[in-house]
Amino acid sequence: MGQVGRVRGLGRVFMKRWLLLLALVAVVSLSSLWLWLQVAALDAIVRGGDGPPSLVLLHGYGSRADDWLQFEHKLHVPNNGRLVFPQGPLRGPNGARGWWWLNIEGHVPEGERYPDFSRATPAGIKVASRLVRNLLQHVPGPVVLGGFSQGAMLSAEIAFQTDQDLAALILLSGTTVNEAAWVERFPGRRRLPIFIAHGRNDGVLAFAAMERFQARIRGAGLDVTWFPFDGGHAIPDEVIHAVNAFLATLQL
């Protein structure tokens, strides 16, 4: 082998080792992040009165806890209750947050417009559920748990996959995740008042999916208030008014 061949061979060996080192660093970094998420405590914004009750609202994917502040003076929690807005642990660009990586494009069936998470079992949702439940241990009850979009998915996951003590559940513009597992736990939530709102023109998560799901919940004998509205993937004032009316009916 000539001098040039030996140099090229050494270059290839060096490059392979460098790529292997980069891959190892990436694995260690991801593993460290995963372990940190398992134990990290959530931050939360707390507003309103001294309560009880506590209305805990989880933001959507790519949003932040402080996005709920626009509704601080519009939401009417009974009995001078408090508002709690937890911050999702997943960090994104420009301060965006999430509860777990939501691979929307990867869950859109071929030929369809909307993602379908009804058979998905993302590992991150279990970690997020544990983090929120750890936070709820320090939130005075009774607790009304709810959320928007991904926050609604996580709220439903907590309601239908754990024994977390809840006074009511509010799902705004969400969708189902691992629906069959949720359905198995319906009998244990027959006394739980549930409010579901979804825009008929939602361009992110399918209106039809939640319309079907609320009918399935109702058919199982659960207490559901269904509020469809003529709007998109948002929380208009009419939804806030409906949420307030729902809260006023609760025996807290």
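Structure data summary
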quantity	calculated
Label point distance in nm, residue 204-residue 230, each placed 7 Å from Cα along Cα→Cβ	2.3
Net charge contributed by nearby residues that have their C-beta within less than 11 Å of residue 64 (K/R +1, D/E -1)	-1
Net charge of neighbours whose Cβ lies under 15 Å from the Cβ of residue 200, counting Lys and Arg as +1 and Asp and Glu as -1	-2
Residue 184-residue 94 pseudo-label distance in nm [points 7 Å out on the Cα-to-Cβ vector]	4.1
Length gained when the stretch residue 138-residue 119 is fully extended (0.36 nm per residue, less Cα-Cα span)	3.6 nm
Shape category assigned to segment 42-249 from the gyration tensor of Cα positions, a/c cut at 1.5	rounded
Within segment 117-139, backbone nitrogen closer than 18 Å to the virtual label 7 Å beyond the Cα of residue 101 toward Cβ	117, 120-129
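Computed from the coordinates by the stated procedures, all read-outs in this text should not be read as laboratory data. Remember, predicted model here, so these are calculated numbers, not experimental data. For neighbour counting, all protein chains shown are included, and Cβ atoms are generated from backbone atoms with ideal geometry for every residue, glycine included.
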